[in-house]
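Peer 1: Below: one structure in structure tokens.
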Amino acid sequence: MDNIVISSNKKINRDELDMSQYTVSLLKLGYEAGLVNESTINRFQIQLQDVIRDLILKYTKGDSSSVRVETAERILISSLYCIDAYISEFDNLEDALAILNKDDLQKIYIRGYEQVRQCTEDTKIKYKEMIEKKLDIPLVIYNDTLDNALRDFFKVYEIRFNSHDTMTSIDYPLVFDDMRARGVYYIKNYLTNLGIENYFCSLFSVSEINKIIKSYGELHNIESKNLYINVFEIVVNNAIFSLLSGGVAKNLIISNQQYSYLTKLFRSLKTYKLEDVIEEAIYKMLDDISCNIIEIRSYLNRYKEILIGRILNAVDCGAFKYLIIKDNGKKVEGRGIIFKESDRMDDENFRKVIDKIFEASDLAHKISIIRSSIESLKDFLDMLNSDCLFGKEYLALYSKMEDIELAMLAKIFLTDEFEVGRIDNINVLDTLKRRYTVSEWEEYLVQFISSLGTDRLRYIEEIINGTFYPET
């Protein structure tokens, strides 16, 4: 229900609440609706200052009541994060406002702090269970996220002074990932959804999953371990496609005959009929793999609309080969640039590579050095930002890159657009052209992508929007 009744004649629209500043936005909307008076607002501000003052004294171990401005801001945001944790638990906004009207803010903060602390402990347990049940797949980004990034979060997470900071880089993409959440609540949500995806995939043979990962890598001419994909997505897609083409759900690899049948089927179906076909196939698939878990059924029901959209897009642009993964019998050949999440160079070796690029006498030699020396995506970005290429040399470099890598760079360029929630899906050209470029590599990236043909642009757009290569 969108509108929550606070009194007999006043309403607050829950959709208008800012989830990143939940309590502050609730007070603001309550004040605008006449449900909170100015005295309550003033008391909140004064008591919040008292909370921050106490936290600063704890931060300095009693030595001082003043800190640097950025430290004070971080402690302020952290304290509001804990307050939000408690206030946002109330389903009824009238109850939340009543608490803010009558309770001391220090008590509210302490309750919220305890909730965040308990959430952290519960999430640690969830993480340990996830490690025990992780999929035996070769993806570096999947294993690195579980084995390193999530582990590191719990090592460094600090509730009292930095509770809002996620404090690690979670790179493995999920089908549904709420980027509005922060801190331990983001990690909790991430592990919950990853757990659903992992459990679903565990109902299939590991060898079948690794076959489809290998086929996906062969399609894009990338070593399977270096792929940046969501495994749940390609598993559920091909399980459904297998059923629709006369196979069984657990046989994930699609034959040429099945592929041909599916392309004809999807081209022949009206949208309303396609919706019915996919919905029936999901129910059949769940029966075939003996899955009656409510959370998985709900997750698949949400995903259904995404899959239907991608099928319709494939029909429109003829890009079925990127959606229906079949055994194409290719071997992965050596290729130009392969981005990895590991093996980042140390500063000394990175500097040596940059010096070599500067000293190279011609463009071909420069590109050869980049292709042979740089494998990490982070190193590649650092190289671009080091200004060791000039002008149209960037265009020559981009011309040697795969569409999936160009999409990665474009999405990194547009990171702010996605993170603040302004867009979920983009028109790649319009969005890139509107975006202000800071560096030369960004300017030439926009120029290069703008010069591509329609089919390549559509494919890159699908990757950026999560069709084949979600959140970087």
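The values are calculated or read from the model by the stated rules, or taken from the named source; none is laboratory data. Not measured: the values here are computed from a predicted model. Every residue, glycine among them, receives a Cβ derived from its backbone with ideal geometry; neighbour counts consider all protein chains shown. For the accessible areas, the whole protein counts, side chains as well, though only heavy atoms, and no ligand, DNA or RNA atoms are used. Shrake-Rupley method; radii C 1.70, N 1.55, O 1.52, S 1.80 Å.
Peer 1: Figure the gain on full extension for ASP95 and GLU132 (residue separation times 0.36 nm, minus the Cα-Cα span) and round it to one decimal in nm.
Peer 2: Details: separation 37, 0.36 × 37 = 13.32 nm, distance 4.05 nm.
Once the chain is fully extended between ASP95 and GLU132, it gains 9.3 nm.
Peer 1: For ASP347, tell me the accessible area in Å² from a 1.4 Å probe, rounded to the nearest 10.
Peer 2: Answer for ASP347: close to 130 Å² accessible.
Peer 1: Nearest 10 degrees is fine. How inclined is helix 440-450 to the longest principal axis of the chain, computing both from alpha carbons?
Peer 2: On a 0 to 90 degree scale, this one is about 60.
Peer 1: What is the Cα radius of gyration of region 1-124 over 2.2 N^0.38 Å, N being its residue count?
Peer 2: Values: Rg = 15.5 Å, N = 124, 2.2 N^0.38 = 13.7 Å.
So the Cα radius of gyration is 1.13 times the expected 2.2 N^0.38 Å.
Peer 1: Can you tell me the accessible area per residue over region 1-129, all protein chains present, probe 1.4 angstrom, in square angstrom? Mind dumping the intermediate values first?
Peer 2: Working: 7340 Å² over 129 residues.
Here the residues of region 1-129 average 57 Å² of exposed surface.
Peer 1: For the chain, take the longest principal axis of its alpha carbons; what is the angle in degrees between that and the long axis of helix 271-288, to the nearest 10 within 0 to 90?
Peer 2: So the inclination is approximately 90 degrees.
Peer 1: Let me test this: with uniform point scatterers at the alpha carbons of region 124-261, what is the Debye-based log₁₀ I(q)/I(0) at q = 0.13, 0.20 1/Å?
Peer 2: Ignoring solvent entirely, the Cα scatterers give -0.61, -1.17.
Peer 1: Based on Cα positions only, what radius of gyration and what Dmax would you give for region 370-413, in angstroms?
Peer 2: When restricted to Cα atoms, region 370-413 yields Rg and Dmax of 10.1, 24 Å.
Peer 1: Now for a different question. Quick check on packing: order 129-139, 17-27, 91-101 by the mean number of other C-beta atoms within 10 Å, highest mean leading.
Peer 2: Working: 129-139: 14.0, 17-27: 18.5, 91-101: 16.1.
Listed from highest to lowest mean packing, they are 17-27, 91-101, 129-139.
Peer 1: Ok, one more. Distance check, please: which entries in LYS58/LYS155; LYS211/LYS304; LYS211/LYS264; LYS28/LYS155 exceed 30 angstrom between their Cα atoms? It would help to have the intermediate numbers written out before the result.
Peer 2: Values: LYS58/LYS155 21 Å; LYS211/LYS304 24 Å; LYS211/LYS264 25 Å; LYS28/LYS155 36 Å.
Flagged as over cut-off: LYS28/LYS155.
Peer 1: I would also like to ask the following. With r as the distance between the Cβ atoms of ARG43 and LYS11 and R0 = 25 Å, compute the FRET efficiency 1/(1 + (r/R0)^6) and round to 0.05.
Peer 2: Plugging the Cβ-Cβ distance into 1/(1 + (r/R0)^6) gives 0.55.
Peer 1: I've got another one for you. Fully extended, how many nm does the chain gain between LYS61 and ASN385 (0.36 nm per residue separation, minus their Cα-Cα distance)?
Peer 2: Full-extension gain reported as 112.6 nm.
Peer 1: Between GLU443 and ALA33, what is the label-point separation in nm under the 7 Å Cα-to-beta-carbon projection?
Peer 2: Taking the simple label geometry, ALA33 and GLU443 are separated by 5.0 nm.
Peer 1: Quick one: which residues, 5 or more positions from ILE12 or on another chain, have an amide H under 5 Å from its amide H? H modelled 1.01 Å from N in the peptide plane, none for Pro or chain starts.
Peer 2: It is ILE4, ILE6, by chain and number.
Peer 1: What's the carbon and sulfur percent of the chain's accessible surface, probe 1.4 angstrom, rounded to a whole number? Kindly include the intermediate steps, with their values, before the conclusion.
Peer 2: Working: 10730 of 22840 Å².
Carbon and sulfur: 47 percent of the exposed surface of the chain.
Peer 1: Students often get this wrong, so try it: which of (1) 182; (2) 137; (3) 166 is volume of the Cα convex hull per residue in Å³ as calculated from the structure shown?
Peer 2: The value matching this structure is (1).
Peer 1: Just from its helices, what would the mean residue ellipticity at 222 nm be for the chain, if runs of 4 or more DSSP H residues each count -39500 (n - 2.57) and the sum is divided by every residue, rounded to the nearest 500 deg cm²/dmol? Before the final figure, lay out the partial values.
Peer 2: Numbers: 23 runs with 294 residues, N = 472.
Mean residue ellipticity at 222 nm (helix-derived): -19500 deg cm²/dmol.
Peer 1: May I ask for the angle, rounded to the nearest 10°, between helix 183-202 and the longest principal axis of the chain, with both axes built from Cα atoms and the value confined to 0 to 90°?
Peer 2: Tilt relative to the chain: about 40 degrees.
Peer 1: Tell me, what is the percent relative contact order of the chain, built from C-alpha pairs under 8 Å that lie six or more residues apart? Can you show the working numbers first?
Peer 2: On the way: 529 pairs, mean separation 57.2, N = 472.
This gives 12 percent for the chain.
Peer 1: Below 19 Å, Cα to Cα, which aspartates and glutamates can LYS352 reach? Residues fewer than 8 away in the same chain don't count.
Peer 2: ASP343, ASP362, GLU375, ASP379, ASP382, ASP387
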